[in-house]
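The values are calculated or read from the model by the stated rules, or taken from the named source; none is laboratory data. What you are looking at is a predicted structure, and each value in this text was computed from that prediction instead of being measured. As a convention, Cβ positions derive from the backbone with ideal geometry for all residues, glycine included, and neighbour counts pool all protein chains shown.
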Ligand code: NAP
């Protein structure tokens, strides 16, 4: 087998390389996960919860190393301190609600009958994770899957392959057996062969639409349930009654944070004509205050994109839009660290339309297009003119208006006056090409368990 290489966006060096498993070794690994599942599920729920919490505590103890490795692997500036806030909040929430979310539902408990619905672990859960929020996207499934009594196999993105190693280290040190949680390095054909061979009882795939389609094809005919958390092209809509400064601040942060590499990042903005000029002017000032640079430099608020090929996509979409009449408002010369490679200056485009890919296809980078709209109807039409359906961010002072618009927006989440945020108590889900299924919240436990009905009669 040829090694899989992790090329660092910081300096283009090979930061790590690992040999992928052979298919035979991968099959043995999956068999070990299956053999370990029933004994794991037989442990008391409180014990599984305690072990998972200890695993995350161990990860926190590795914070310095994790933050440094994240910068090397995917370019996130160290000043942001990794993903610990979200990792801890989501773990705590999912651990806190586990007992209730997994509790049986008693229908009848009488002298004649006991009838109830229990929730049973699915078996072996396979997580295929992306590099953009490599810890957060993994723990969304890892935590509830282990707590519910599944064993877990994790195949992390090649770009962030050390994340899986760190999680395994932390969880094994907590006392979670090696076969209960395995981190593996797999190439695509082996991944697909395992799925096609019914090695898993649930697959959570977070990544691109194309990757999701490949996983769905691999699973065809096996009836393996899939959770598919795929791409997005999330809109922001600023109504005439919006708080302008708050809208600029949150939507620009949503567009630019993590170099725009957030599944629910803001990729297109529609602004009511009465606020348009002021919104654009303030947004340009906001973006010009960013500092692009080496992620280890404390001054850097914008690091390189995770890989030069991702920056190439954004450059191509931007150039194509400009050739079609879009106007760039940020002077790349104001960002001297832009090297034509992974380091990419942020950009705001106006005079854009939905004839341009930058307004319809996922960019996944620090570029955002802004359009003027006349009213809610025009904004709704444009927000829904997308193959994706992850989130929409509506800016208004009125809950009822936001909810009424939200009911007509084709997305998994509707925000009012916030963006680019996952609430662990709410279901993380999408529609259209963004995929299907749901993680987090009590419904996240439904994805990793199945209902089992007990109909017990005394005769
Ligand atoms: P990706 O290229 O699809 O890869 C995601 C993961 O799937 C990686 O582990 C990758 O492995 C693996 N993979 C891809 N194609 C595969 C195949 N044919 N067979 C087996 N494994 C395969 O996506 P990415 O570039 O890492 O992530 C960015 C994408 O994820 C964006 O589209 C973003 O919107 C989406 N995303 C969505 C959410 C959400 O909640 N909806 C959250 C985060 C990210 P290798 O790395 O080894 O190729």
Kindly state which strands (runs of 3 or more DSSP E) lie completely within the stretch 367-459 and contain at least 3 residues that are crowded, with 22+ Cβ neighbours inside 10 Å and either away from the ligand (no atom under 16 Å from the Cβ) or not assigned by TED's automatic domain parsing to the domain that holds residue 91 (or both). 367-373, 391-395
Quick test for you: out of 245, 312, 249, pick the one residue that is in a helix (DSSP H, G or I), over 21 Å from the mean Cα position of the chain (by Cα) and within 21 Å of residue 11 (Cβ to Cβ). 312
Of all residues in the stretch 259-281, which are in contact with a strand residue (DSSP E or B) (Cβ under 9 Å, 6 or more places away or on another chain) and within 16 Å of the ligand (Cβ to nearest atom)? 259, 260, 262, 263, 264, 265, 266, 267, 268
Selected residue (only one of 90, 114 is touching a residue at least 40 places away in the same chain (Cβ under 8 Å), assigned to a strand (DSSP E or B) and in the same structural domain as residue 38 (by TED's automatic domain parsing)): 114
Would you point out which residue out of 16, 30 is in a strand (DSSP E or B), in the same structural domain as residue 194 (by TED's automatic domain parsing), surrounded by 16 or more Cβ atoms within 10 Å (Cβ to Cβ) and within 16 Å of the ligand (Cβ to nearest atom)? 16
The listed residue being in contact with a strand residue (DSSP E or B) (Cβ under 8 Å, 6 or more places away or on another chain) and in contact (Cβ under 8 Å) with a residue 40 or more places away in the chain, out of 311, 334, 326: 326
